[in-house]
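Undergrad: Structure incoming, see below.
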Amino acid sequence: MPARAAGAEPRRVVAILTKLDEAYPDANCELKHENAFQLLISTILSAQCTDVRVNQVAETLYKKYPDAKAFAYATPSELEMEIRPTGFFRNKTKSVMGASKAILDNFGGEVPRTMEEILTLPGVARKTANVVLGTAYGIASGIVVDTHVLRLSKRLDLTRNDDPKKVEQDLMKIIPEKKWIQFSHQIIWHGRRVCHARKPKCIECNLESLCYSKDKTV
């Protein structure tokens, strides 16, 4: 089991959170949605796909399929064509239709508000659950660990793990619960705008003085 990351020292974590607040005070989820159900579907579609592409698909998707009932009883081949641009469209169609039917059958048409319940929906794992519970309902059930959070958490030495579940547990131990939702948004924004995978813009990064990653570009 990896040792606790040296960068997880409390004072350093506070400094990182302060810098993130300075850089991204208004960070939020970039998946466009009007309600918790739309956010759930868009988050399922966002796997291995950009939020920009999902938002493009969503513009027409939710007009044709306005609620859980419409998705649950959609014609699979038609739905596949609608979401095809997001990739892995056959599996995503199964997940979207399965989740929609479960919401109708088990939760009265409403996206559930607990981690235990939402994880029973087909195609929903902790990342999706945390996005929906945090963004739609303001419930801090955990920390979203997507590719950006995974990469930046390791670069900042907040974790030594590679498995998203273990990374989430590491982060939940050092990030105050009241910051879990905002921290996820801020790290994702930072990963998209500055701390890129191949060529991080370290010269533009307000966390640069706190970062000792081996792949820094300065």
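The values are calculated or read from the model by the stated rules, or taken from the named source; none is laboratory data. Keep in mind it's a predicted model, so treat the numbers as computed, not measured. Here the Cβ is made from the backbone with ideal geometry for all residues, glycine too, and neighbour counts use every protein chain on show.
Undergrad: Looking at the structure I just gave you, is Ile188 over 14 Å from the mean Cα position of the chain (by Cα) and in contact (Cβ under 8 Å) with a residue 12 or more places away in the chain? Before you say what the answer is, go through the steps one by one.
TA: Working: over 14 Å from the mean Cα position of the chain (by Cα): no; in contact (Cβ under 8 Å) with a residue 12 or more places away in the chain: yes.
Answer is no for this residue.
Undergrad: Of all residues being free of Cβ contacts under 8 Å to residues at least 60 places away in the same chain and buried (at least 22 other Cβ atoms within 10 Å of the Cβ) in the range 167-185, which is nearest to the chain's Cα centre (by Cα)? Just the residue, please.
TA: Among residues in the range 167-185 that are free of Cβ contacts under 8 Å to residues at least 60 places away in the same chain and buried (at least 22 other Cβ atoms within 10 Å of the Cβ), the one nearest to the chain's Cα centre (by Cα) is Ser184.
Undergrad: Can you report the number of residues in the range 31-56 which are within 12 Å of the chain's Cα centre (by Cα), of a type outside the set (Asp, Glu) and not in a loop (DSSP other than H, G, I, E, B)?
TA: Matching residues across the range 31-56 total 6.
Undergrad: Okay, next question. Return yes when Ile181 is of a type outside the set (S, T, N, Q) and in a loop (DSSP other than H, G, I, E, B) and no when it is not. First the steps, then the outcome.
TA: Numbers: of a type outside the set (S, T, N, Q): yes; in a loop (DSSP other than H, G, I, E, B): no.
The answer is no for Ile181.
Undergrad: Quick check on my filter: what residues within the range 61-96 are among the aliphatic types (A, V, I, L, M) and either farther than 17 Å from Cys49 by Cβ or not in a helix (DSSP H, G or I) (or both)? Before you say what the answer is, go through the steps one by one.
TA: To start, the set of residues in the range 61-96 that are among the aliphatic types (A, V, I, L, M) comprises 61, 68, 70, 72, 74, 79, 81, 83, 96.
Ala68, Ala70, Ala72, Ala74, listed by residue number.
Undergrad: Then there is this: Can you tell me which of Val131, Val124, Val111 is in contact with a Ser or Thr (Cβ under 6 Å, 6 or more places away or on another chain) and modelled with pLDDT of 95 or more?
TA: On the way: Val124 fails: in contact with a Ser or Thr (Cβ under 6 Å, 6 or more places away or on another chain); Val111 fails: in contact with a Ser or Thr (Cβ under 6 Å, 6 or more places away or on another chain).
After applying the criteria, what remains is Val131.
Undergrad: Which residues, counting only those in the range 184-206, are part of a loop (DSSP other than H, G, I, E, B) and among the small types (Gly, Ala, Ser)? Steps first, please.
TA: Filtering the range 184-206 for residues part of a loop (DSSP other than H, G, I, E, B) gives 194-201, 205-206.
Hit for the range 184-206 is Ala197, nothing else.
Undergrad: Report the residue count in the range 15-29 for those that are closer than 14 Å to Val144 by Cβ and without any contact (Cβ under 8 Å) to a residue 40 or more places away in the chain.
TA: 0
Undergrad: Testing Ile188 on (1) modelled with pLDDT under 95; (2) under 18 Å from Val52 (Cα atoms), one condition comes back false. Which one is that?
TA: Ile188 satisfies every listed condition except (1).
Undergrad: Tell me the residue from Ala129, Ala136, Ala99 that is assigned to a helix (DSSP H, G or I), among the small types (Gly, Ala, Ser), under 14 Å from Ala36 (Cα atoms) and in contact (Cβ under 8 Å) with a residue 60 or more places away in the chain, please. Give the derivation first.
TA: Working: Ala129 fails: in contact (Cβ under 8 Å) with a residue 60 or more places away in the chain; Ala99 fails: in contact (Cβ under 8 Å) with a residue 60 or more places away in the chain.
Of the residues listed, the single one that is assigned to a helix (DSSP H, G or I), among the small types (Gly, Ala, Ser), under 14 Å from Ala36 (Cα atoms) and in contact (Cβ under 8 Å) with a residue 60 or more places away in the chain is Ala136.
Undergrad: Failed condition for Ala27, given (1) assigned to a loop (DSSP other than H, G, I, E, B); (2) within 30 Å of Lys101 (Cα to Cα), with all others met?
TA: Just one mismatch for Ala27, condition (2).
Undergrad: Looking at Arg192, Arg160, Arg155 in this structure, which one is under 26 Å from Phe37 (Cα atoms) and charged (D, E, K, R)? Outline the logic, then answer.
TA: Working: Arg160 fails: under 26 Å from Phe37 (Cα atoms); Arg155 fails: under 26 Å from Phe37 (Cα atoms).
Result: Arg192 is the single residue among Arg192, Arg160, Arg155 that is under 26 Å from Phe37 (Cα atoms) and charged (D, E, K, R).
Undergrad: Something else: Can you tell me how many residues within the range 103-149 are under 22 Å from Leu79 (Cβ atoms) and buried (at least 20 other Cβ atoms within 10 Å of the Cβ)?
TA: 9
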